[in-house]
Amino acid sequence: MAKMKLYIGASNPPMSSEMKTGDWGTELAYIDKEKCIACGQCITFCPEPATSMVEEDDKKYAVVNHDYCKGCWICFTVCPVDAIEMRTKDIYKVEVC
Amino acid sequence: MNYFGPGHGACPGCGFPIAIRGAIEALDGKVIAVNSTGCLEIVSSMYGRNTWGVPYIHSLFENAGAVAAGIETALKALKRDKEAHVVVFAGDGATFDIGIGTLSGMMDRDHNVIYICYDNEAYQNTGNQQSMATPPGARTTTTPVGKLQPGKIGKKKDMVEIAVAHNIPYAASASIAYPKDFQRKVKRASEFEGSKYIQVHAPCVTGWGIDGKLTVEVARLAVETGLYPLVEYEHGKLVKVRKLKQRKPVEEYLKIQRRFRHLFKHEMGKDILDQLQRIADENAEKYGLDA
């Protein structure tokens with residue numbers, strides 16, 4: 001009898017990362033790395049997840065991957081030190097005469 | 001590798017991806033995900049665009065409980081049941097209405113499954129039709145606001161109590177506004193042998209008519225007004241309740257949502273507001289929410 005092989009805890013790598021959802025919204029989140037206290041709130045709450053923690057010269061801070069940031073403002077509302085700024089994308093800055 | 005996302009198709013500001021990712025991370029990725037039909041299936045399992053970093057199966061709207069029971073039994077027969085947790089992710093429509101039969105059967109046979117229901121209080125995938133999880137007075141496409149009827153008639157079903165009535169070892173309610181609390185509950189649930197039920201409140205931006213940035217605030221207000229008490233049952237006993245220092249009036253939660261906007265103008269709206277406040281007061285008394 002052929003033995004059935006079951007893989008547990010592994011699957012094909014997620015393919016949805018090819019979907020660049022960063023072009024959905026009108027705004028993108030930017031994190032001020034001077035103000036960031038690396039509390040991880042934005043990483044816990046980001047629905048995507050588009051935020052991640054990086055370490056550089058003994059300072060930890062969060063960064064936003066703009067390939068996937070949908071501009072939902074959730075990180076902006078949960079940040080305890082107001083380190084996150086929402087900037088409108090250049091293509092949406094239309095001057096009305 | 002991420003366990004869930006990025007690149008899924010949920011709306012900006014959607015609540016449930018926070019819960020799904022939190023649950024899988026709490027169990028260190030040792031998860032076999034069973035999913036019933038709903039928003040989660042649509043946004044995460046498009047052909048060739050799989051979002052899941054864990055084994056995943058979707059079958060039908062009504063049989064997530066039965067599928068999970070089958071997987072758990074197969075793992076036991078292969079003596080590999082210690083390697084992963086079988087976790088069901090289902091919406092409130094699949095849990096409260098359509099799938100309650102197989103869910104009840106799963107709990108009755110006490111299969112070792114964690115059942116997580118993300119509760120967005122209507123069938124939001126098909127465009128906001130009422131389910132048994134919809135609170136009274138909410139406007140949906142099947143309970144429209146007219147002269148004689150301001151939104152849904154009838155109360156929200158208390159599914160946590162129904163789960164407790166099955167004598168399962170663990171049942172709890174959680175909210176995406178308190179992700180650490182939710183993750184602790186998922187971890188705690190994984191320590192029990194038998195069926196576990198966790199219901200997590202997850203706002204829907206389009207159905208509830210809120211701005212994406214209000215998702216966390218609305219979920220927090222639901223807890224702080226007493227309309228969504230965070231409770232925890234172990235072996236049928238209430239072991240933990242999230243106490244509230246200052247319970248807020250329900251109007252604060254209702255007035256920022258479009259689905260309740262008519263209550264403040266409709267001539268019968270006052271009765272519904274009183275009814276919702278009464279539900280919050282009853283919850284506070286029943287669970288002892290006021291600190």
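The values are calculated or read from the model by the stated rules, or taken from the named source; none is laboratory data. Computed from a predicted model, the values in this text were never measured in an experiment. Here the Cβ is made from the backbone with ideal geometry for all residues, glycine too, and neighbour counts use every protein chain on show. Note: areas computed on protein heavy atoms with side chains; ligands, DNA, RNA excluded. Shrake-Rupley method; radii C 1.70, N 1.55, O 1.52, S 1.80 Å.
Here are some notes:
- Condition met for A:Thr26 (more than 7 Å from chain B (Cβ to nearest Cβ), open to solvent by less than 20 Å² (accessible area, probe 1.4 Å) and modelled with pLDDT of 85 or more): no
- Selection of first residues in the stretch B:67-93 that are in contact (Cβ under 8 Å) with a residue 40 or more places away in the chain and of second residues that are of a type in the set (S, T, N, Q) and assigned to a helix (DSSP H, G or I), restricted to Cβ pairs under 7 Å at least 6 apart or on distinct chains, gives the following pairs, ordered by first then second residue: B:His85/B:Ser190.
- Close contacts from the stretch B:134-145, counting a first residue that is touching a residue at least 40 places away in the same chain (Cβ under 8 Å) and open to solvent by 70 Å² or more (accessible area, probe 1.4 Å) and a second that is small (Gly, Ala, Ser) and in a loop (DSSP other than H, G, I, E, B), with Cβ to Cβ under 6 Å and a gap of 6+ residues or different chains, come to B:Arg139/B:Gly151.
- The set of residues in the stretch B:191-211 being within 14 Å of another protein chain (Cβ to nearest Cβ) and either open to solvent by 10 Å² or more (accessible area, probe 1.4 Å) or at positive phi (or both) consists of B:Cys204, B:Val205, B:Thr206, B:Ile210, B:Asp211.
- The residue that is nearest to the other protein chains (Cβ to nearest Cβ), among those in the stretch B:36-60 that are in a loop (DSSP other than H, G, I, E, B), modelled with pLDDT of 85 or more and surrounded by fewer than 17 Cβ atoms within 10 Å (Cβ to Cβ), is B:Ser59.
- The stretch B:227-245, subset more than 23 Å from B:Glu191 (Cα to Cα) and out of contact with any helix residue (DSSP H, G or I) (no Cβ under 8 Å at 6 or more places or on another chain), residue least open to solvent (accessible area, probe 1.4 Å): B:Lys243
- Residues in the stretch B:22-35 that are touching a residue at least 24 places away in the same chain (Cβ under 8 Å) and either closer than 24 Å to B:Phe61 by Cβ or within 10 Å of another protein chain (Cβ to nearest Cβ) (or both): B:Gly22, B:Ala23, B:Ile24, B:Glu25, B:Gly29, B:Lys30, B:Val31, B:Ile32, B:Ala33, B:Val34, B:Asn35.
- Among the residues listed as B:Gly13, B:Gly48, the single one being on the phi > 0 side of the Ramachandran plot, in contact (Cβ under 8 Å) with a residue 24 or more places away in the chain and not charged (D, E, K, R): B:Gly13
- Inspection of the stretch B:78-92 identifies at least one residue that is more than 22 Å from the chain's Cα centre (by Cα), within 14 Å of chain A (Cβ to nearest Cβ) and either over 23 Å from B:Phe192 (Cβ atoms) or among the small types (Gly, Ala, Ser) (or both).
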